[in-house]
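Asks: I'd like to ask you about the structure that follows.
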Amino acid sequence: MLQIGKEKYRAKQIFRWLHLQKATDFDQMTDISAQTRDILKEKFCINSLKIQKRLVSAADNTVKYLYVLPDGNKVETVLMEYRHGNSICLSTQVGCKMGCKFCASTKAGFVRDLTPSEILLQIYETERDSGRSVDSIVLMGIGEPLDNFGSVTKFLSLISDKNGRNMSLRHVSLSTCGLVDKINELAELDLGLTLSVSLHAPTDEKRSEIMPINRKYGVADLIKACKDYFDRTGRRISFEFALIKGVNDDPQTAKELITLLKPLGVCHVNLIPVNEIREGDYRKSSSVSAFQQLLTRSGINATVRRTLGADIEAACGQLRRDNI
Ligand code: SAH
């Protein structure tokens, strides 16, 4: 505002219009003079997302949006209803580079990172369209959030800004396939969010087979980064483990997982019966509760993730960057 010769306090006013009133046009900012609004229109733009498709699950009220970004690329966003409120699953990239074998989001390759506003607008547009307000956020949609570190941390500072939405980052979970150097960087920021780590296998041999990133950052380095994260932030890590029939759902794998996680002390394992995707031949495990019992009996906290929106391909690993 100073640069365009206006009072500094106007910046706060505009920020509130954008983040509290979710203004889509400078002309909605009625406490800003028409002359200033004209300058703003000339120098800046307010981005928006367009809804290309909205699918509502008949089973559980989950809503999946296919959003068109300002440049025509597309991403998916999912709104879920829990007893404790509404949770939104956000995409952070158009496509994904990580190549996890079981995940649909990576199948059509990577196009580009999302900007902070494109991550944020998934919330604002979804709230506007659904009439529901978002209580918690999971960064678990398309893309690897830590591979777009700058935009994701900027987004987190916008959503938690006291002059705007003022959301506590305790209501945010960020899921990563395990970019060790970025986990270390995130630990330094100590933001108070929950870190979820997509583990899916306890040994290098098995993990590298289904998650190529493991060839760069192996299991031992990943677990060390998780331990350091906990020591630095005091926040327990949540490990995601998608159970795939005949791949990682046997008692021997459970035993290896226990041996791996036991020394960490506090952690939580979220078991996900793998969601089937068109491109893969991985099938849901039929021994989810047996696997869970092995973990809990040895003192590891393990829950089974409820699958929401499976009938509209809105479940974990089923999101895509196009309407295909
Ligand atoms: N790139 C991040 C976030 C996106 S995926 C990450 O890898 O964590 C969100 C979660 O869904 C991850 O735990 C991911 O491993 C899991 N997931 C991917 N495909 C899945 C599938 N087919 N079934 C169940 N979970 C899946």
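Asks: When you take every Cα atom in the chain, what is the radius of gyration, and what is Dmax, the widest Cα pair distance, in Å?
Replies: Spelled out, the Cα radius of gyration and Dmax of the chain are 20.9, 70 Å.
Asks: Moving to a separate point now. Can you sort Ser208, Ser286, Ser91 by how many other beta carbons sit within 10 Å, fewest first?
Replies: Listed from fewest to most nearby Cβ atoms, that is Ser286, Ser208, Ser91.
Asks: Considering only C-alpha atoms, what is the centroid distance from the range 229-297 to the range 96-156, in Å?
Replies: 24 Å
Asks: Distances over 21 Å make up what percent of all Cα-Cα pairs in the range 41-162?
Replies: Distances greater than 21 Å cover 38 percent of the Cα pairs.
Asks: Pulled fully out, how much extra length does the chain show between Thr296 and Ser168, if you take 0.36 nm times their separation in residues and subtract their Cα-Cα distance?
Replies: Gain on extension, Thr296 to Ser168, equals 43.0 nm.
Asks: Another question, if that's okay. Gaussian network model of the chain, Cα springs within a sub-10 Å range: biggest mean-square fluctuation belongs to which of Glu76, Glu279, Glu144?
Replies: Glu279
Asks: Turning to a different aspect of this structure: For helix 288-297, report the angle its Cα long axis makes with the longest principal axis of the Cα atoms of the chain; keep it between 0 and 90° and round to the nearest 10°.
Replies: Relative to the chain, helix 288-297 is tipped by roughly 80 degrees.
Asks: Report, in whole Å, the centroid distance computed from the Cα atoms of the range 1-45 and the range 183-217.
Replies: So the two Cα centres are separated by 41 Å.
Asks: Principal axes first, then extents: for the Cα atoms of the range 189-295, list largest minus smallest coordinate on each axis, whole Å, largest first.
Replies: 39, 30, 23
Asks: With +1 on each Lys and Arg Cβ and -1 on each Asp and Glu Cβ, and nothing else charged, work out how big the dipole of the range 187-264 is about its Cα centre, in Debye to the nearest 20.
Replies: Its charge dipole is roughly 80 debye.
Asks: Considering the range 254-302, what Rg and Dmax in Å follow from its alpha-carbon atoms?
Replies: Over the range 254-302's Cα set, Rg and Dmax evaluate to 12.7, 38 Å.
Asks: Could you identify which residue out of Ala254, Ala290, Ala242 has the top mean-square fluctuation in a GNM of the chain using Cα springs shorter than 10 Å?
Replies: Ala290
Asks: Still on this structure: Using the structure shown, list the pairs from Lys101/Lys255; Lys50/Lys245; Lys97/Lys206; Lys8/Lys50; Lys64/Lys224; Lys22/Lys101 with a Cα-Cα distance above 29 Å, or answer none.
Replies: Violating the 29 Å Cα-Cα cut-off are Lys50/Lys245; Lys8/Lys50; Lys64/Lys224; Lys22/Lys101.
Rule-based calculations on the coordinates, nothing more; no lab input. Since this is a predicted model, take the numbers as computed values, not measurements. Please note: Cβ atoms are built from the backbone with ideal geometry, for glycine as well, and neighbour counts cover all protein chains shown.
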